[in-house]
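Comments concern the structure below.
The values are calculated or read from the model by the stated rules, or taken from the named source; none is laboratory data. Bear in mind that the values here come from a model prediction, so they are computed numbers and not experimental data. In this analysis, Cβ positions are derived from the backbone assuming ideal geometry, glycine residues included, and neighbour counts consider all displayed protein chains. Heads up: the accessible areas ignore ligands, DNA and RNA and are worked out on the full protein's heavy atoms, side chains in. Shrake-Rupley method; radii C 1.70, N 1.55, O 1.52, S 1.80 Å.
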Amino acid sequence: MAVSRTGGPAAARKFPTGANYVEALQNPTLCFEDPDLKHGTVQQSPVLGPKAISGNFASVFSITAPGGQRYALKCFTRDSSTLEARYQAISGQLAGLEPAELSQPWPVTIEYLPRGVLVAGEWYPALKMAWVEGTGLITWIERNARDTAAVRRMAERFAALVADLERLGVAHGDLQHGNLLVAADNTLRLVDYDGMYVPALKGQGATENGHRNYQSPTRTSADFGPAMDRFSAWVIYLSLVAIATDPAVWDQLHDDQGEFLILKEDDFKEPRSSPAWSLLLTHADPDLRALAAQTHGHLTAAAQAVPPLTTAAVIPPPPPAPAANQRGGSPAWLAGHIPQPRSTPAASGTGTGTGTGTAAGTGFARRRPGDVLAGVFALTGSAAPATLTAISTLPAGYMAAAQLGALLLSGGALHATRRSRPEARASKARILVLQQQVDTLAESVAAAQKIHQEIESLNAAGASRDAQISRQIKGLQTELRDEQSRITAKLNKETGDLRTKLSGLAAQEQQQLDTALASAVRTHIQDKLRRTPIQDVKKLSNMGSGTVTNLIAAGIHTAADFTGVRYVQGSRNGSRDAYLVRANGYKVKVPGVGEVRAAALESWRASLEQRARKSAPTSVGAQERAAIRQRFAARKKSYEAEITRAESTARDKRDQLQQRITTRLQQVNKEKQQHRAATQQQRAVLLQRQTQLADATTTHGRLTTRLATARAEHRRAFGLRRYLRFVATGR
């Protein structure tokens, strides 16, 4: 606490507002001493000048130094006597960290500037921090929730960051999604050190208690020490592991408008009625259930009793991907199903079977006599019709038909001789074997395509079912919130009316006491007046026995028998007639009592009443007071009982609602897990079969390619044109 020169506590210093800082930062060269800031450029809003991000007790501005380094400048709007000491201790701790000893570059460089900003001629402290480029944790999860491996790695990085803090004896104080940024390389940055604990601050109290959706219900400002982050760390770690294990958890438990991951303050305070805990503690994954149970056990523990996050079980690695098929050759399971090529003499040494080698590339090997004879036959046979026609042996009209027949016979002979060549027969044999192999695998390829379609359909059905279940869960959670709101609204109305009545009882009780006292005073006065006979008026001037007799004759025996005088305008000479008003309200005209005597009688009675009032009681009698208070105590008790009954009824309704929704959520999650298990089992069977058929598909493709190549090579090496050239030239 600041102390004045006289020894007493000093008044808190009034700090500038955010608007004051905006005005001052319009002239950086005047308001800063720090060279980076003095010559820097303050980020501007389109209309309002320097752009400020305002918080509870500070405004933050972005300033870019001449060298391009960007800084965040925190300008305080509230005084704190320990401000400088705290930030000096924190900045000193962070400056002494060795980057090589940290799991990742999570610390942000900060510098406390006692003369940070000049505002209205006075210097105020500021905090100069390196600007951090990164994505908020919630935004990052929204983008990567389906990438389970990435979320799993993020959980590991977060655990490593927390381990760094534990090893250093440091605690952040407000460990939550808003203070965790994910850098471009997917490492974490920890920002906002206002509530940080470092060893140099031991013995001091906390300046804040952190975000309510990440803190234990037992945390207080006294829990300022190295253990104050542990509960928050378990909550964040559990959330990341849950999402990595089952991405649907994010859809089911995260609120798009909520300031939390999957657990919030209500889940910590009322765990028995929490749908989140119900889901996590009964999840199909045993590792997630165990971690959830461990975290759940810390809900009621004191900060110091929560163990460090480093004691958590290691996140189980994702299942290994199926091993890739070996390249080349046919899979073992196809053995005996694919016809093997027959060995031929011409094929020896050139490769057989499904190998890539083929003898087709060599063409015809050596010309034989039969080839020459076939060539001569074809040549002479083709020329015979023309020769016969020339020597007139064959009529000219038959020449065309004879020529066609001769060509067919010649071609047939060449074709037969060409096909009888051993090289052509061997090539054809290879093509036949490849065709048989392709035909054998065609059915497996079709089956593989069908299985692929079945897997796609299974995945689509699973995704559709998961989306439907997520909608059901969201709907149940919405129903829970809406029904709870209705119950609360009805309770507030009922109890509000009762509390209004209850709060008015004291005034009503006092009013009744006042009324009873007024009645007692009136009774006392009337008693005094009744005890004063009318004969006492003889003491007054101009009141004689005759007047008294007339008063008695009119029924006025005591001062209590009349209450006042009424005057009625007379019918002559402008005079007024005086009437005495009886206690019952009737007016009576007493002979001999005119305006003057009536006024005297009224004054006499008023003086008697005034004297009686002085001796009247000033409080209600004890018995009557007790009776009144007893009546109001009974009414108060009745109202309180009604409030208690209304609260109990509302609590029962909430419990029944919670039980109904929780039961339904458990059923939905159970159905989800059953469907997922069945789907996984079906997928496993299909994937196993697909893996087997994948080999067949690969082999089928390879054999189809070889078949096409073999056919092309056969046409090139053993075609009729190639054979004619071979017959003619021997090559």
If you check every pair at least six apart or on different chains, which have Cβ atoms under 8 Å apart with a residue in the range 546-559 that is of a type in the set (Ser, Thr, Tyr) first and a residue that is open to solvent by less than 60 Å² (accessible area, probe 1.4 Å) second? Thr547/Val537; Thr547/Val590; Thr547/Gly592; Thr547/Val593; Thr558/Leu529; Thr558/Thr532; Thr558/Pro533; Thr558/Ile534
Selection from the range 699-714 of residues farther than 22 Å from Glu443 by Cα and exposed (fewer than 14 other Cβ atoms within 10 Å of the Cβ) yields Ala712
(1) farther than 17 Å from Ala599 by Cα; (2) assigned to a loop (DSSP other than H, G, I, E, B); (3) open to solvent by 50 Å² or more (accessible area, probe 1.4 Å): which one isn't true of Gly555, the others all being true? (3)
Out of (1) charged (D, E, K, R); (2) farther than 30 Å from Leu657 by Cα; (3) open to solvent by 50 Å² or more (accessible area, probe 1.4 Å), the one Arg471 does not meet is (2)
Please determine whether any residue of the range 10-29 is closer than 19 Å to Tyr193 by Cβ, at pLDDT 75 or above and out of contact with any Phe, Trp or Tyr (no Cβ under 8 Å at 6 or more places or on another chain). no
Could we say that Ala616 is part of a helix (DSSP H, G or I), among the small types (Gly, Ala, Ser) and open to solvent by less than 70 Å² (accessible area, probe 1.4 Å) here? no
Residue check for Ala677: more than 37 Å from the chain's Cα centre (by Cα) and in a helix (DSSP H, G or I): no
Residues that are over 20 Å from Glu609 (Cα atoms) and assigned to a loop (DSSP other than H, G, I, E, B), drawn from the range 558-587: Gly570, Ser571, Arg572, Asn573, Gly574, Ser575, Tyr586
Taking the range 274-297, which residues are touching a Ser or Thr at 6+ places or on another chain (Cβ under 7 Å) and open to solvent by less than 40 Å² (accessible area, probe 1.4 Å)? Pro275, Ser278, Leu288
Among Thr698, Thr663, which is among the hydroxyl-bearing types (Ser, Thr, Tyr), part of a helix (DSSP H, G or I) and within 25 Å of Pro271 (Cβ to Cβ)? Thr663
Which listed residue, of Val249, Val241, Val182, is touching a helix residue (DSSP H, G or I) at 6+ places or on another chain (Cβ under 6 Å), buried (at least 20 other Cβ atoms within 10 Å of the Cβ) and over 24 Å from Asp285 (Cα atoms): Val182
Kindly provide the set of residues from the range 77-93 that are crowded, with 17+ Cβ neighbours inside 10 Å, modelled with pLDDT under 90 and not hydroxyl-bearing (Ser, Thr, Tyr), ordered by number. Leu83, Arg86
Which pairs have Cβ atoms under 8 Å, sit 6 or more apart or on different chains, and link a residue in the range 497-516 that is within 14 Å of Ala626 (Cα to Cα) and touching a residue at least 60 places away in the same chain (Cβ under 8 Å) to one that is among the aliphatic types (A, V, I, L, M) and surrounded by 13 or more Cβ atoms within 10 Å (Cβ to Cβ)? Glu509/Ile628; Gln512/Ile628; Leu513/Val620; Leu513/Ile628; Ala516/Val620; Ala516/Ile628
Does Ile534 count as aliphatic (A, V, I, L, M) and in contact with a His (Cβ under 8 Å, 6 or more places away or on another chain)? yes
